[in-house]
Every structure is written in structure tokens, then in C-alpha cells.
1. How many residues, within the range A:285-300, are at pLDDT below 95 and either of a type in the set (Phe, Trp, Tyr) or outside any loop (DSSP other than H, G, I, E, B) (or both)?
2. Counting only residues that are loosely packed, with under 15 Cβ neighbours inside 10 Å and farther than 24 Å from A:Glu335 by Cα, which one in the range A:273-284 is nearest to the other protein chains (Cβ to nearest Cβ)?
3. Can you say whether A:Ala223 is in a strand (DSSP E or B) and either in contact (Cβ under 8 Å) with a residue 60 or more places away in the chain or closer than 24 Å to A:Leu97 by Cβ (or both), as far as the supplied structure shows?
4. Being surrounded by fewer than 18 Cβ atoms within 10 Å (Cβ to Cβ) and part of a helix (DSSP H, G or I) is the filter; apply it to the range B:131-161 and report the residue that is nearest to the other protein chains (Cβ to nearest Cβ).
5. For the range B:184-194, check the following and say yes or no: at least one residue is free of Cβ contacts under 8 Å to residues at least 24 places away in the same chain and either in a loop (DSSP other than H, G, I, E, B) or over 19 Å from B:Thr104 (Cα atoms) (or both).
6. For the range B:198-218, how many residues are in a loop (DSSP other than H, G, I, E, B) and under 14 Å from the mean Cα position of the chain (by Cα)?
7. Taking the stated definitions as given, is A:Glu377 touching a residue at least 60 places away in the same chain (Cβ under 8 Å), closer than 20 Å to B:Thr181 by Cβ and charged (D, E, K, R)?
8. Only one of B:Leu339, B:Leu394 is surrounded by 23 or more Cβ atoms within 10 Å (Cβ to Cβ) and more than 20 Å from A:Glu146 (Cα to Cα); which?
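The values are calculated or read from the model by the stated rules, or taken from the named source; none is laboratory data. Owing to the predicted nature of the structure, the values given are computational and were not obtained by experimental measurement. Methodologically, a virtual Cβ is constructed for each residue, glycine included, from the backbone with ideal geometry; neighbour enumeration extends over all protein chains shown.
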Protein chains: 2
Amino acid sequence: MSSRLLGYRGQAAKLLQRFNLSVGDYITIKSDLSHTGVLMPRYHYSDDAHIILKLDNGYNVGISIQNVDTITRHDVMVSPENDVPPPQADAGLPNILLLSTGGTIASRVDYRTGAVTPTLDAADLSQSVPELYGMANIHPQEILSEYSENITPEHWLKIATHIHNTGSRYDGIVVAHGTDTMHYTSTFLSFALAGFPVPIILTGSQRSSDRASSDATLNLIGAVLAISHSIQRGVYIAMHSGTSDDTVSIHAGTRVRKNHTSSRSAFRTIGGEPLYMIKEGRLHGQPRHDYYHDISYTPRINQVRDASLIKYHPGFDVSILENLIGSSCRAVIFEGTGLGHVGREAYDVIKKMRQNRMFVGMTSQCIDGRVGMNVYESGRDLLQMGVVPLHDMLSEVALVKMMWVLGNELSWDVMSRPMASEMAV
Amino acid sequence: MSSRLLGYRGQAAKLLQRFNLSVGDYITIKSDLSHTGVLMPRYHYSDDAHIILKLDNGYNVGISIQNVDTITRHDVMVSPENDVPPPQADAGLPNILLLSTGGTIASRVDYRTGAVTPTLDAADLSQSVPELYGMANIHPQEILSEYSENITPEHWLKIATHIHNTGSRYDGIVVAHGTDTMHYTSTFLSFALAGFPVPIILTGSQRSSDRASSDATLNLIGAVLAISHSIQRGVYIAMHSGTSDDTVSIHAGTRVRKNHTSSRSAFRTIGGEPLYMIKEGRLHGQPRHDYYHDISYTPRINQVRDASLIKYHPGFDVSILENLIGSSCRAVIFEGTGLGHVGREAYDVIKKMRQNRMFVGMTSQCIDGRVGMNVYESGRDLLQMGVVPLHDMLSEVALVKMMWVLGNELSWDVMSRPMASEMAV
């Protein structure tokens, strides 16, 4: 397979070679119908019976090679975005701030290397989904360009500060974000901007927007639709749901995790159903409670890194905890076993951590269900040492809340009190 | 509520007080019918309209207090096990070794304190489930009495050595085990006893056997039935499944995790269905492959603790890794984000770990799906540093496999090769 024909093999590669074509060429294919667009790369698991074109309207189409008559290459590569009309403010539509932070949703496959790289800013992103223009006035701004594995707590501050400063002028905010750590960011925003007056919806995609199977368009439309249908204030994650291509789940930002490495429906609300669903363009669901525990907007946009998330396992090396004592670390969130246990081997170091006034909180590596430290001897022993059971908070959520509690110099008691739907109480 | 009436409240408590009864009393209740048994404790979420008795046949029954005529207390507490006939070897039935290691399945509620404590040995366990006698000749042995949060890698060796020495005389082995770390133990046995000639089934319970909602009997019967129905050799976990009370899932011991803190159907096969199901006393399912990759029995019963499982998160404290360099730790298994990423902030320390000849393996905190480190820049960077992608191995399984690889001085390549169904290839 030629590197010009990225991912194409067998019959499809032969056909493209015959017409001397490369991925990225702007071409017209004539078969039963005629299609014009950019020749897209394919992937290693693709069949060899189809060619993928990105049409001028921004959609990808798979064309069977069976009845192809001719293929013509056009000399000028026309960017599909050129045909999209610029956004025009419509007084009858909601105004939505679209913040881009990077991630797959703002990425394309590089036609030469096959790698996915971030190339789209927020304006590209909104223009690449022309459907948005009938739904809302989109105001795009790019504040970061990072894949989410590289998003740090300092980036959380930047996003939160930006929303705090400018976000309340809009009817809602959509944050385009990488999926890997999207749920950590949604958690930080939930606490840092507790009570923020308009909804904040993070969205992303599991497959880049120029792939035929991309969920970028669906997710972005889902997030915008949710705001234009006036969902309650809160911090949400809007992502593809189930196996059909028309449903987006709107998850509480503190009750959700990425549960699959690659599936488009990777995000799951833990211990319940998503708060809302977008299905066939309509919003379903109506939460019984406000997302925030307190009514007023109380921004507390600080965090420190002085907390660690530690997963316990048989054979756990307690020196990891010993070394944290006396370091900058002031709090450990355990992912314990079962109802919130660690083995006896860790008791001595936990006592030492407590003597050094470290906060020790307990969540469960089971993920679903709540910790219950009164049932077994181990749980009671740990309670007696001052280990704090963190109800059914997800471990990732407990960690981010802890960083936020320490950064804002709040009382440890806050860890046990619901603030932003983080406990399913 | 009196502490003598553990968990009873409202109308039920009043009735018991009227007859001056305590939990643990051996009583006869006369209403429409007459029931004799031990008065059992109730739990905080119970209604106040029923009294629970453990009958002489070992079963619990809930009796409505509505039509109670009289309650008589008998002076002598009669242990229900006294009425169970001793096991008799039946030449037509399979011989099953029942190893007890502790855990909730071998526990009872202490009538005085309300705590769950391990009190049953393997003989008690088999005698408390009289249904087993028609299914198999049960040979009970107690080798440990630990809740599974206290099970260590050294205990794994003890269990594996015992099975290696005596297990092949039987048609199968059932290991009663605490649920918290049951999947770590099943993983170790899968590698240490690779190719063992008869099936090894771990089982336990999420609720102690004297609670009305206990799954102990169902799970134990499920494990025994699976062996008496001649399932293939392999290491399995047999636990309650779904919401009905008649189904037990038989999971591959290297593809399963405890996904709920308290639900009876907490165990889930990740990335697929359980290999077998026991439903209405019948075995369903037939795996397409042998559990083990190699046919011959190759015991390698060693492990060392020199491996750690590290969950990456935004704001991760790289000093945790720095401190592992030069310690006894020789391998780190990451629970990375998404397709197998960690942030750029950790690159320097990973390079240093590699220079110090540490093994660095990558799994995903998403749990489901496989790592894919060729898709994004971050994955490629990590591959270049020598980080080893561990396919779709569960992080807990990768950790235990690593401890076993190091303990048996095997080549690191073994980490990437399927041995005991740990990769869904």
C-alpha cells in the first residue's frame, strides 16, 4: 500500500492507483451518482470495497467501488469550510459561548502521517457543523489546544476563570474538550463555579471529525440543543450514547466517567441514568433537584495539587505512602476494595499519616455502589483511625474535590457534604 | 431499640418486647402456621412488619407479625447444623475439594454486636448447604480464615501450593473466598497453575449466610453444579448474577472484576459475557477455546511484590514515581487515561525509570476496551520510551501477572502474550 493511499488496500487501492490519486485530493467520482469531495484516509480495519469522500457540505460518504465509471481529480483543493456561510446573530436564538480547549473534537487525521493532530480552533469547529446555525448564535473562542491527557489543574483554573469572567453573558457554555480527562475537568468546574447561573456543557469526540464514524457533529449538536432547550444550570458532559447514531446522553459532570477506551458511547453515569437525553433532536428528562446544593453563585476558583489518589491492591507497597508523609501531600484519597477497605498491612502507615494531620478519605475501586465502613471489622478499624468514608463519590471526583477544598482552604467537613450532585444521596 | 432486638423497630420490636425475646433465641411462632427456629437480626433498611427466623433446615423465613398468636421461647438453643446428616461419599457423584479461605461466605452476624465475623470453617460451610449432598461428594478443608482485603500475595502462594499438592485428586476445586480481592486471587491461580487439569472455581457471598438476602447458598451450589456438569478446566469466579435469585454467572478468572460495593450481582466479566451461566440448576454456555493457552500443566508458583499499580490523573505527583526508582520496585503498571496515556509532566520520570531498567506497562482506567498507543501523539511518545501496551488486560490482572513474571524470573515478553484468557484476543 502506497503511503499516498493511507489505509486503502486491495480493490479500492488498485482503483485509486489506476487514477493516480492520493489521499487529500479533491475529486469527482462518477458511478450511478456523482460525488465531489476530498479523498479521505481509511483505517486498518476497513474493507477494500469503499472509498470515503468528505463532501462539500462537510459530511463523509462511503462510495462503493463496484460501479465506478471515472474519477476526475480537480487541481485546486477546495476546503469544504469555504462554502459555509459565516455565523449571523439571530435575536430569536440563544447565545452560546463555544470554548475550545483541544482534544479529538478539534482534530483531524493528518493525510500524510495518519496521525490525529489538533488543527481546528473553535471557529473552525462551529463552522464545520452548519446545522448549529439554525439552533443558536455560536460565539467561538479558543483558550487552549491540548489533548486532555495533558490538561493539568492549572488548565482547570484557566477554563474556570474564563467562564467566570465572560460566561454569564451567554445563555450557556459549551466546552470542547478531549475525552480522556473530561470528567476531571467537569468536576473541577462543578465545585469552582458552584451555582453558576447558566449551564456549562463539556463535549468532545472519540473519533476525529473527518472520520466517517466521527461522533463530533452529533455531540456538538447535542450540547447546543440541550442549551437551546433550556436545561437547568449545572455542569454536564454531553456524549454519544448507545449504539444508534441519534442519541446523546447529558451526564451530571460529577457522576460520570469514561468507561471504554474507544467506543463512542464510552461515557457512563455511575449509579443511575444520565440526567437528560437528546434523541431525534428533542430533549428528554427533567432532574428532580437543582444541580447545585446551594442556590447562590459562589465562585471559589483555586486548587492545589497536594492530594493523591492511591489504588490499594494485595501486595501494595506501603513505602509509597511513607514517602508522601512530610512531602507537600496533605491528603490521600484511597481507592479501597469492596465497601472501602485496605489490608491490615497498611494500618501503621495510615496511623502515621493521620498523626501528621493528613486527610485520608475512602472511595471504592468497585466504582459503583457506596462505601460502607460499619459492616466489617476492617472498615471499623479504619474509621477509628480517622479515615473518612466518602459515600458514593467516584474516586476521581473525590480527588478533584480534595484539591479544590485544600486550594480554597475550606474545612475538611466539606468533603462529606454534597455540593454539586457528586453524591447520589 | 434495645440492643437485644438488633435491627428490629416499630411494630416488630414491640411484639418481640412483649414476649421478652432477644435476637439469637430459639423460638416457636404460632400464627396461621407454626414456625420454629432462631430469631435473626434485621437491618436498618428493613420494614417493621416481619420477623426473620432461621429454620431448622437452615433456611431463613420472614414471618408477618399481623396474625401472630403466641411466641414461645425454648430454653435450649439448638444449632440447625445438628440436624444435617454427615456427608457420605457416593461413588456416582463427582468429588469436589472445598477450600475455605474466609470472607463473608464463611461469616455470620454476631447477634450481640451486629458485626459480621468469620466463624464458619469449610465443614460448617458445606453442612450448612444440605442441597450439595445430592450433587457431589464435598471434601471440606480450611486453609485460611481471612477477609479478602487482608489476603496477601503470600496467601496466594499458600492457596496455589495446596491446590498443586492435593487438587488433582478431585474432579474440581471450589475455593470459598472473600469478594473484595477474589479477582486478584483468581488471576494469580490462573498463571501459577496454568494448565491445571481440573476446574478451580472461586466463590463467595456479598451478604452473610444467616441473612435472608444472602447469596452464599446460591453461589456455592452454582460453583458445585458447574463442576458436576463438567465445565472445562480453568480458573473461574462463580457469583450471583442479575436481579433474579436463580442465576449464577461463571466468569473467566482473569476477565472479571468486582464492580459494585454491595450488590449481590457485583461481579462482571469485562468486554464480554460470562463464560457459563447456571440457571434453574442447568449449565449454559460452552467456551470456544481452552482457558489456558498451553495444553500442559506448568506450575510456576512464585511471585514477588516488586511491582506497583499506579493510577494516573491530572495533577499527578511524579515524586511517587521518583521514589520508586532505586527502591525494590522493578515494574510499574500504569492505569493511564483513555487509550493508554499519561500527561507530558510524567515523561521525564518515565524515561528515568526506563534508564533504570524498570518495566513500565500500560493499561487503561477506562476498564473496558483495549489500549491503542499508535493513535495519538502521547501514545507514540510513550511507546518510544519503551512503555509496553498491555492490550485489553485489566489493570489488576496486569499487576498480578507482573508480580508472577518477576517472581518466576520470566522474560518481560510474557506480559504481552496471552496465557490464561487474560486478553480477549
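1. 0
2. Here the residue is A:His284.
3. no
4. Among residues in the range B:131-161 that are surrounded by fewer than 18 Cβ atoms within 10 Å (Cβ to Cβ) and part of a helix (DSSP H, G or I), the one nearest to the other protein chains (Cβ to nearest Cβ) is B:Glu154.
5. Among the residues of the range B:184-194, not one is free of Cβ contacts under 8 Å to residues at least 24 places away in the same chain and either in a loop (DSSP other than H, G, I, E, B) or over 19 Å from B:Thr104 (Cα atoms) (or both), which makes the answer no.
6. Residues in the range B:198-218 being in a loop (DSSP other than H, G, I, E, B) and under 14 Å from the mean Cα position of the chain (by Cα): 6 in total.
7. no
8. B:Leu394
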